1. What does the net charge come to around ASP318 if you take all other residues with beta carbon closer than 15 Å to its beta carbon, with K and R at +1 and D and E at -1?
2. Taking every pair of alpha-carbon atoms in the chain, what share in percent sits in each 10 Å bin, from 0 to the bin with the longest distance?
3. Ranked from highest to lowest mean number of other Cβ atoms within 10 Å per residue, what is the order of the peptides 273-284, 209-220?
4. Can you pull out the GluC sites (Glu not before Pro) in the range 52-160 whose DSSP state is coil and whose Cβ has at most 12 other Cβ atoms within 10 Å?
5. Take each complete run of DSSP H in the chain, measure how far its Cα atoms stretch along the helix's own axis, and keep only those covering 20 Å or more with mean Kyte-Doolittle hydropathy at least -1.0; list them.
6. Can you check what the Kirkwood hydrodynamic radius comes to for the range 11-184, Cα pairs only, in Å to one decimal?
7. When Lys and Arg each count +1 and Asp and Glu each count -1, what net charge do the other residues less than 10 Å away from ASP180, Cβ to Cβ, add up to?
8. Out of the range 59-123, which trypsin sites (Lys or Arg not before Pro) are coil in DSSP terms and have no more than 14 other C-beta atoms within 10 Å?
Amino acid sequence: MLSTWSFPTRILFGPGAIQPVGHLVGEELNLRRPLLVTDPGIVACGLLDRLTEQLQRAKVAWALFDRVEGNPTEASVFPGVAVYHAEHCDGLVAMGGGSALDAAKAIRLKVTHPLSLEEYDDLKGGSSRIAADLPPMIAIPTTAGTGSEVGRSAVITLEATGRKTVIFSPYLIPSVAIADPELTFGLPPHLTAATGMDAMTHNVEAYLATGYHPMCDAIAIRGVEMVRKYLPLAVKQGENLEARTAMMAAAIMGAVAFQKGLGTVHSLAHPLSTVAGMHHGLSNAILLPHVMRFNAAAAADRLSDVAAALGVDTRNLDACQAAEAAAVAIEQLNATIGILPRLRDHGVREEMIPQMVPLAMQDGCRLLNPRPTSAADMEALYRAAF
Ligand SMILES: [Fe+2]
């Protein structure tokens, strides 16, 4: 089968990477008035000032849309489009976690694309309706997890679909990503842990996803090693530059790797955000070991590689034992970084499970999971994690 392999965009990486943003916006991209897209938390904690100081220094004017919600809906998109047009903007600079970056991608799409957002749903062939005429966009992550800064999709919860809807196109990749690990220094431990486990899940699911992609496999397995080694340190010592740098790289690696595909963890996690309001990374962290055990029947050899990357000595284990050891290693990592192991610890109620099963089945991520996942399997996995 033919597939398309593409590696992402230009990435400015390292401490201080945000400093040339003014030059990049004003001179290289020649933007006169970018729309800054962020959320109220980034404004309140002073991170947005780090961006606007640089723009001011380069004498670049801007407009601001700072009302992106966590788990963004249309309310994080259309008011931003209105500001973009009213202020005659000519590009976007998004700063924040996955929500701000994804909302900015949807705003960027809507300023040149007239159809309703659900028409661009990847599950309904929306990708073919997305043309190249999007304005330039710079993505500046303030978490190390989502990897949206180098990703080709925006995940928005739409009223019309009632679910987290993936809008996917190669044209949605930001023009430039600025990955400055110092911007994650102030991220509190619980968010460092949850976003970091999103990166872990991307790397594990990409490695297990069906399909032939040895380049993504190599990136993914190294990403697993790096998250295992550095996430506990980043949680414990927020200003540890080595740990924050490694986590920012591992998050980017996860998103590069998952162009190969994701899996059932993500299909189960998306409804936990829409129905129970859970943080995406937290949902992944809790579900991951359960889905790894479920996948052992189909992908024990691959899980054995994951076990080794997680630091398990696999020499005297058969593939099934190694797969189990990999799941245990994830549970231990969760415990080390302070993530409580049950969904009910995080506000999920049992009666939500029947509501979430059909949403998980509609989610496209499961299609590349190494073991096909039925509705009964989805329910069993939610119950196992409950
Ligand atoms: Fe994710």
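What follows is calculated from the coordinates using simple rules that are stated; it is not laboratory data. As the structure is a prediction and not an experimental result, all values here were calculated from the model. Counting neighbours? That spans all protein chains shown, and the Cβs are built from the backbone with ideal geometry, glycine included.
1. The answer is -2.
2. 5, 25, 35, 25, 9, 2, 0
3. 273-284, 209-220
4. GLU159
5. 189-208, 214-236, 241-257, 280-309, 319-336
6. 15.7 Å
7. +1
8. LYS59
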